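The values are calculated or read from the model by the stated rules, or taken from the named source; none is laboratory data. Fair warning: this is a prediction, and the values are worked out from it, not measured in the lab. Heads up, the Cβs are rebuilt from the backbone with ideal geometry, glycines too, and the neighbour counts pull from every protein chain shown. Keep in mind that these areas ignore ligands, DNA and RNA; they rest on the heavy atoms of the full protein, side chains included. Shrake-Rupley method; radii C 1.70, N 1.55, O 1.52, S 1.80 Å.
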Amino acid sequence: MSLSLYQSTVQCYEQTISAILTCFNKGRKFCADNNINRNKLIDSRLHGSMLPLHFQIITMVHFSEGAIKAAEKGVVGGPDMALEFDYDELQAYLESSLLLLGAFEASEINALAGGEVIFTYEGITLPFKNEDFFVTYSLPNFYFHATVAYSILRSLGVPVGIANFLGRVKTTPSLNISTQ
């Protein structure tokens, strides 16, 4: 059985954004417990050559909600680098994106299959079939930036682990597991 476009995009985005929101809540508590201004976290980086937490969240939304919109319109560019949010606003930005993603019907997303999206950014133009755009470009970017966001929070001491990164996984009943 293969996954539908909806299952391989929206459901994945929802799982990971929800998980990162949990990490943000843990970050909020960590800051409160340790008398740290949580807004200082948004400029934190894993390395001086990497972009900060703020950028990672903006880019997560760009490659999830923005990727769906791009597949609908047929064109996408880079993330909006002009957006400026504090910690609470970044969290609200993620929450808003999660709500928007949750409003999509599976049939609406599955209907995007076979379409085309053209990525243009800083003189680079890449044409994709929608499925290839999601699987080879959007989803890898989304997961990369989610991983960096998680890693920044963890590197600062926020008590998060793999279960927080994974979030709520989808399980299925199994005849191979005893219920006794």
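Summary of computed values
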| item | result |
| --- | --- |
| The chain, accessible area per residue, ligands and nucleic acids excluded (1.4 Å, Å²) | 55 Å² |
| Span from the region 133-180 Cα centroid across to the region 97-129 one, whole angstrom | 22 Å |
| Accessible-area composition of region 63-108, carbon plus sulfur, in percent [1.4 Å probe] | 53 percent |
| Separation in nanometres of the label points that stand 7 Å from Cα toward Cβ, at GLU131 and GLU108 | 2.3 nm |
| Under Karplus coefficients 6.51, -1.76 and 1.60, residue-wise ³J(HN,Hα) of region 16-21 in Hz, glycine/proline x | 6, 4, 4, 5, 5, 4 |
| Charge-dipole axis of region 10-137 as Lys and Arg at +1 and Asp and Glu at -1 on Cβ define it, positive-most pick from LEU100, PHE119, MET60 | MET60 |
| Amide H within-cut-off set for VAL76, under 5 Å, with H built and near neighbours excluded | ILE118, PHE119, THR120 |
| Total charge dipole magnitude, the chain, about the Cα centre, Cβ charges on Lys, Arg, Asp, Glu only, Debye to nearest 20 | 680 debye |
| Largest-first ordering by accessible area, 1.4 Å probe, given options HIS62, HIS47 | HIS47, HIS62 |
| Around ILE17: net Lys/Arg minus Asp/Glu count, Cβ-Cβ under 13 Å | -2 |
| Surrounding net charge for GLY102, when Lys and Arg each add one and Asp and Glu each subtract one, Cβ distance under 11 Å | -4 |
| Mean Cβ neighbour count within 10 Å, used as a protection proxy, ranking 167-176, 51-60, 20-29 highest first | 51-60, 20-29, 167-176 |
| Cut-off 13 Å between beta-carbons: net charge of the residues surrounding MET60, Lys and Arg +1, Asp and Glu -1 | -4 |
| Answer label for Rg and Dmax of the Cα atoms in Å (calculated), chosen among (i) 17.5, 61; (ii) 15.8, 49; (iii) 23.7, 84 | (i) |
| Derived scalar couplings ³J(HN,Hα) [region 94-110; Karplus, 6.51 cos²θ - 1.76 cosθ + 1.60; whole Hz; x for Gly, Pro] | 5, 4, 5, 5, 4, 5, 4, 4, x, 7, 6, 8, 4, 5, 5, 6, 4 |
